[in-house]
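Everything below concerns the one structure shown next.
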Amino acid sequence: MADKVPEWGSASQPRQPDTLSAQPQRNAAVSPALAKALIGLGALATIASTFLAWTWTTSFPGDLSVTGYPGGNQVITLVVGVLLLVALGTAYGLPGLRWLAPRGHVRLLRGLALAGAVSTWYILLAVAIELNGIANWVTGSWVALTATALPVAGAFLLADDRHEAARPPAALPRWAQTVIILAAIISAMFIADYGITTSFTEEFIGFALAVGLAAWGLNSSGVLARLTELNARNRVATSAAAFAAALLFVFLQTSDQYNTIADDILIFATVALGLNIVVGLAGLLDLGYVAFLGVGAYSAALVSGAASSRFAHTALPFWAQILIGVGVSIIAGVIIGAPTLRLRGDYLAIVTLGFGEIFRIVVNNLNGVSGPSLTNGPEGVYGVPDLSLFGYDFGKPHVLFGVTFGKFGNYYLLLLVAMAIVVFIYARVNESRLGRAWVAIREDETAAEAMGIHGYRFKLLAFALGASLAGFAGTINAHLLNTVTPDQYMFSASSPPNSAFLLAAVVLGGMGTISGPLLGASLLYLVPAKFEFFQNKQLLLFGLALILMMRFRPEGLVPNKRRQLEFHEEEVAEAEAHAVAEADASEAEAVA
């Protein structure tokens with residue numbers, strides 16, 4: 001049966017070993033009051049340090065040479081300092097803040113303290129390295145260095161208070177739950193907006209370090225589990241809040257510079273979610289999935305009225321292009337799936353890899369010389385016109401609610417609607433009999449067939465539905481890029497989309513979930529875009545990411561509960577045995 005439980009951070013998930021603080025509990029070496037005082041003093045000093053200059057020159061990115069207000073990565077340090085003060089309130093048991101640490105406040109404090117310290121120290125180290133020495137530090141640099149070290153010392157002097165999260169004494173009113181969900185999702189949107197709009201590699205690395213360590217602290221404290229439980233109980237409110245937050249992003253942009261990144265992320269995330277049906281639900285390893293994106297793109301481009309198209313005088317409306325793109329993609333999915341889906345495992349993967357390469361070679365040769373004249377060969381179909389829906393030209397600037405939307409801002413709105421449609425389809429299918437049949441096939445196809453599930457038929461449906469979603473995204477992508485060429489649809493390339501990228505996004509994010517592929521696609525696109533070192537070494541990045549994930553979190557960043565339990569059976573058994581032993585000990589003490 002399809003899971004409807006929290007995906008990540010649930011209190012019912014098996015406890016995993018922490019590499020940052022996996023150490024036995026022991027009595028604090030110093031007074032807890034002194035440790036908390038160090039944290040409070042350090043947090044206040046950290047906040048104060050962001051209003052001082054961290055270097056004397058403007059040569060370092062981020063405007064760290066001004067006094068009186070934070071600039072660049074000082075904003076990150078400031079926010080972490082404020083969060084640290086709020087988290088410290090949980091240590092003192094302030095009313096209204098205990099909800100932030102249902103599993104204990106110490107690891108929350110450690111995570112936030114490390115987030116502020118590591119991010120700040122990295123920036124100061126980068127200043128010294130790039131500007132040739134710590135002589136470029138000023139008084140504010142030393143203040144920040146010392147101030148961020150104090151909370152780390154105080155947090156690790158406290159004894160670990162990790163415990164199982166207790167159930168809330170009473171359920172919050174529905175309106176309060178909705179407000180919390182909306183606040184959490186909008187906060188996440190602002191964090192994502194800051195990461196996308198960072199202009200320099202140094203800024204993004206500092207941001208990534210702070211977010212990663214803070215997320216570890218929040219997850220260890222159990223607050224993410226509480227938020228996930230709220231999301232599970234309020235799915236409609238969560239979906240509406242997520243859509244509103246994503247819509248707010250485009251209104252915060254003053255130009256199309258970062259809307260282009262957001263558009264690409266939405267395209268790739270949409271296609272990755274379609275692949276998640278094939279890989280995550282049905283368990284079919286597809287290494288040529290990007291070909292379906294190309295089928296949809298070529299189908300739309302050929303009937304868009306582009307001057308370079310073989311059918312230049314045929315300009316169909318967008319809804320007709322969608323129908324053609326989706327229809328041709330389904331036909332392609334059935335053609336490749338019908339003779340091959342009786343294969344399993346590695347054999348199916350090899351066949352799908354061959355299909356992806358066959359598609360690229362075929363469209364590369366349909367140039368009127370090596371084959372029929374249809375796709376212009378390597379030149380592709382160029383000059384694809386911008387969309388125009390109900391008189392709204394997506395290629396021209398428009399002013400909405402006082403905000404000027406350029407081309408990529410306009411397409412962001414369209415892609416947001418497309419993403420909502422794909423998420424809705426995925427959610428409904430996942431919770432249907434069809435989705436449960438796919439999960440049964442994924443777990444054990446032989447057992448599923450013994451229970452009356454026609455494996456071949458259901459796998460063919462998965463292939464067709466996944467292909468249709470990719471074709472749907474391809475019709476929009478053709479107009480967004482204004483050109484469609486064969487080299488855009490390879491198994492691996494220096495830039496997405498490609499089949500390796502899409503598969504890595506699904507595995508990294510978490511197979512069988514909705515938010516997993518979206519998060520995985522976002523991370524795998526942003527990292528090469530922000531790190532110059534990785535721009536031409538994408539396969540290296542994928543390999544490193546997958547190796548680390550298989551070692552430390554094989555179920556993905558946002559795991560499906562069933563898959564997480566499968567990967568941590570021993571830990572679950574140990575936790576259950578420990579709970580039984582504690583219950584027996586308590587009973588024995590009561591009898592004695």
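The values are calculated or read from the model by the stated rules, or taken from the named source; none is laboratory data. Computed from a prediction, not measured in an experiment: that's the story for all the values here. No Cβ is skipped: glycine too gets one built from the backbone with ideal geometry, and neighbour counts run over all protein chains shown. Calculation scope for accessible area: heavy atoms of the full protein, side chains included, ligands and nucleic acids excluded. Shrake-Rupley method; radii C 1.70, N 1.55, O 1.52, S 1.80 Å.
The table for this structure:
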item: Odd one out for Gly510, checked against (1) closer than 16 Å to Asp264 by Cα; (2) under 20 Å from the mean Cα position of the chain (by Cα); result: (1)
item: Pairs where the first residue, in the stretch 355-372, is under 19 Å from Ile336 (Cβ atoms) and assigned by TED's automatic domain parsing to the domain that holds Tyr298 and the second is in a loop (DSSP other than H, G, I, E, B) and among the aromatic types (Phe, Trp, Tyr), C-beta under 9 Å, 6+ apart; result: Gly356/Tyr289; Gly356/Tyr489; Gly356/Phe491; Glu357/Phe491; Phe359/Tyr489; Arg360/Tyr489; Arg360/Phe491; Val363/Tyr489
item: Residues located in the stretch 401-420, provided they are in contact (Cβ under 8 Å) with a residue 40 or more places away in the chain and either within 24 Å of Leu302 (Cβ to Cβ) or open to solvent by 50 Å² or more (accessible area, probe 1.4 Å) (or both); result: Phe401, Lys407, Phe408, Tyr411, Leu414, Leu415, Ala418
item: Test: residue in the stretch 506-517 that is open to solvent by 40 Å² or more (accessible area, probe 1.4 Å), under 30 Å from Asn430 (Cα atoms) and among the small types (Gly, Ala, Ser); result: yes
item: Residue check for Arg103: at pLDDT 80 or above and either open to solvent by 40 Å² or more (accessible area, probe 1.4 Å) or more than 30 Å from Ile134 (Cα to Cα) (or both); result: yes
item: Extreme residue, least open to solvent (accessible area, probe 1.4 Å), among residues of the stretch 378-400 that are of a type in the set (Ser, Thr, Tyr) and closer than 21 Å to Leu266 by Cβ; result: Tyr392
item: The stretch 150-163, subset at pLDDT 90 or above and open to solvent by 40 Å² or more (accessible area, probe 1.4 Å), residue nearest to Leu44 (Cα to Cα); result: Leu150
item: Lone qualifier among Ala440, Ala427, Ala493 - being under 23 Å from Gly274 (Cβ atoms), among the aliphatic types (A, V, I, L, M) and not in a helix (DSSP H, G or I); result: Ala493
item: Close pairs from the stretch 105-121: first over 16 Å from Val75 (Cβ atoms), partner charged (D, E, K, R), Cβ under 8 Å, at least 6 apart; result: His105/Asp161; Val106/Asp160; Val106/Asp161; Val106/Arg162; Arg107/Asp18; Arg107/Asp160; Arg107/Arg162
item: Qualifying residue in the stretch 75-98 (condition: crowded, with 23+ Cβ neighbours inside 10 Å and either outside any helix (DSSP H, G or I) or of a type in the set (D, E, K, R) (or both)); result: no
item: Unique match (being within 22 Å of Asp193 (Cα to Cα) and not basic (Lys, Arg)) among Leu465, Leu526, Leu481; result: Leu526
item: Members of the stretch 387-409 found to be touching a His at 6+ places or on another chain (Cβ under 6 Å) and under 18 Å from Ala262 (Cα atoms), listed by number; result: Phe405
item: Qualifying residues in the stretch 331-386 (those that are among the basic types (Lys, Arg) and within 31 Å of the chain's Cα centre (by Cα)) - the one farthest from Ala500 (Cα to Cα); result: Arg344
item: Selection within the stretch 348-401 - among the basic types (Lys, Arg) and either farther than 15 Å from Pro486 by Cβ or out of contact with any Gly (no Cβ under 8 Å at 6 or more places or on another chain) (or both); result: Lys396
item: Within the stretch 229-308, helices (runs of 4 or more DSSP H) holding 2 or more residues that are open to solvent by less than 20 Å² (accessible area, probe 1.4 Å) and either within 30 Å of Leu366 (Cα to Cα) or touching a Pro at 6+ places or on another chain (Cβ under 9 Å) (or both); result: 259-276, 290-302
item: Tabulated pairs, the stretch 73-95, first of a type in the set (Asp, Glu), second surrounded by fewer than 19 Cβ atoms within 10 Å (Cβ to Cβ) and at pLDDT 90 or above, C-beta under 7 angstrom, 6+ apart or interchain; result: none
